[in-house]
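Colleague: Quick one: the structure is below, questions incoming.
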Amino acid sequence: MASRLAAIGEMAAGIAHEINNPLTGVIGFSELLATRGDLPKEVMADLQIINHGSQRVVEIVKRLLTFARQNKPVKTRLDVHELLDNTLEFRSYVFKTANIEVIRQYDPKLPWITADPGQLQQVFLNIFINAEQAMRKVHDGGKITITTTRKDQFLSIRIADDGPGMTPEVKAKIFQPFFTTKGPKDGTGLGLSLAMAIILDHHGTIEVESEYGQGTAFTINLPLDSETEASSGRTAVSPPIKASKRTASIMVVDDEEHICQLVSRVIEQMHHKAESFNDPTQALLKLESDSYDLILLDISMPGMSGLEFYSRIIAKRPELADRVIFTTGDMAAPGLEARLKQTDLMYIVKPFQPAALEQFLSKVLKEQLG
């Protein structure tokens with residue numbers, strides 16, 4: 001089993017790199033097109049479909065990496081209600097065709113929490129799918145009731161269905177890896193065990209209530225923290241970052257031509273100068289004669305990795321050590337995240353949105369150039 005999981009981990013890393021690179025272009029260029037004001041409404045609608053579908057693929061890759069590598073949560077402040085509603089959208093068509101009614105009983109006064117949105121969405125989606133499949137077995141339709149409340153220092157989410165429920169024997173085993181009551185085509189038995197691992201990584205709890213013939217309810221308790229308590233976050237808006245005072249010269253190094261084009265386009269829209277290279281060797285030669293304010297450097301490139309490129313740069317030009325921003329489509333590569341954080345290197349993960357890249361570059365340039 002260990003060798004099988006290791007193989008899945010290697011496969012997931014390859015998938016992350018091979019999918020996230022083209023996804024960067026699909027998401028990035030679709031969003032750049034959407035900012036134009038001369039497109040017909042039907043084209044704008046098509047772009048939204050492309051972008052929404054691409055974002056779904058991003059989440060699928062994240063879930064695969066979570067299972068294969070058990071990544072630590074990448075936490076941010078989020079609105080649980082918004083996340084629940086977005087997750088329900090994934091199943092909205094299925095619920096409608098299956099006559100499943102969703103009842104929301106949200107406490108509007110609940111604060112935001114600090115959590116990994118992709119991982120929590122995976123937990124919610126697994127519970128929704130399990131409820132849907134269980135209810136289909138016993139009646140034409142059903143109800144899923146979602147209740148959110150505050151319990152002491154925890155935010156509590158209860159997801160209940162009116163399906164067939166579970167026997168005590170099944171209930172005792174549902175969080176065990178590879179245990180499933182479904183057929184081989186319907187489930188692997190990994191969903192709830194992974195959900196348990198995710199919630200524990202968030203220092204929370206997940207519990208189940210179920211009686212045979214009377215439905216099932218999962219209750220997830222997630223901790224509130226001091227940052228959460230300080231503000232609900234519902235009116236929080238990130239302050240705009242002012243552009244740097246002078247035009248910057250930025251080198252872009254990536255073996256994917258479409259990513260070079262996308263990043264260069266964003267840089268030029270910020271009124272800075274961009275020069276891109278698909279060949280890291282040519283980029284190194286250019287650095288022997290020219291200087292740049294920033295270097296955006298892909299980590300995984302044929303012939304020379306971004307980390308090797310970085311080592312060669314700072315050996316000759318140590319003043320550039322804090323002017324390099326790495327880009328990568330696979331933060332799950334063994335030891336990569338730890339190395340980047342230990343050495344305090346800047347990085348942005350693919351696929352990134354043009355607005356996110358622009359904000360990141362503006363922040364760095366303001367610090368570098370003033």
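The values are calculated or read from the model by the stated rules, or taken from the named source; none is laboratory data. Remember, it's a predicted structure, so these values are computed and weren't measured experimentally. Quick reminder, even Gly has a Cβ in these numbers, built from the backbone with ideal geometry, and neighbours come from all protein chains shown. The area values use the complete protein model at the heavy-atom level, side chains included, leaving out ligands, DNA and RNA. Shrake-Rupley method; radii C 1.70, N 1.55, O 1.52, S 1.80 Å.
Colleague: Run the paramagnetic zone check for Val170: 7 angstrom along Cα to Cβ, then residues of the stretch 212-226 with backbone nitrogen under 13 Å.
Modeller: What the label zone holds, given the 13 Å backbone N cut-off, is 212-217.
Colleague: If you don't mind, there's one more thing I want to ask. Assuming R0 = 25 Å, what is the FRET efficiency of Thr205 and Gln359, from their Cβ-Cβ distance, to the nearest 0.05?
Modeller: On the way: r = 35 Å, r/R0 = 1.42.
The value I calculate is 0.10.
Colleague: I'd like to compare 45-57, 145-157: which one has the highest average count of other Cβ atoms within 10 Å, and what's the full order after that?
Modeller: The packing order, highest mean first, is 145-157, 45-57.
Colleague: Place the peptides 348-355, 92-99 in order of packing, highest mean first, counting for every residue the other Cβ atoms within 10 Å and averaging per peptide. Present the calculation step by step, with values, prior to reporting the outcome.
Modeller: Values: 348-355: 19.5, 92-99: 12.6.
Highest-to-lowest ranking by the protection proxy: 348-355, 92-99.
Colleague: Given a 1.4 Å probe and every protein chain left where it sits, what share in percent of the accessible area of the stretch 69-137 is carbon and sulfur?
Modeller: Of all accessible area on the stretch 69-137, carbon and sulfur atoms account for 50 percent.
Colleague: Going highest first, how would you order 207-216, 34-43 by mean Cβ packing within 10 Å?
Modeller: Sorting 207-216, 34-43 by mean packing, highest first, produces 207-216, 34-43.
Colleague: Can I ask one more? Cα centroid distance between the stretch 265-313 and the stretch 76-141, in Å?
Modeller: Cα centroid of the stretch 265-313 versus Cα centroid of the stretch 76-141: 43 Å apart.
Colleague: Full extension from Asn86 to Val74: what is 0.36 nm times the residue separation minus their Cα-Cα distance, to one decimal in nm?
Modeller: Fully extending the segment from Asn86 to Val74 adds 2.5 nm.
Colleague: Right, next: Using 0.36 nm per residue, how much length does the chain from Arg246 to Leu33 gain when fully extended, once their Cα-Cα distance is taken away?
Modeller: Stretched out fully, the Arg246 to Leu33 stretch lengthens by 74.0 nm.
Colleague: Once phi is turned into θ = phi - 60°, what whole-Hz ³J(HN,Hα) does the Karplus curve with 6.51, -1.76 and 1.60 give for every residue of the stretch 38-43, x standing for Gly and Pro?
Modeller: Per-residue couplings from phi come out as 10, 8, x, 4, 5, 5 Hz.
Colleague: Calculate the spin-label point distance for Gln105 paired with Arg312, positioning each point 7 Å from the Cα along the beta-carbon direction, and give it in nanometres.
Modeller: Roughly 6.4 nm, to one decimal.
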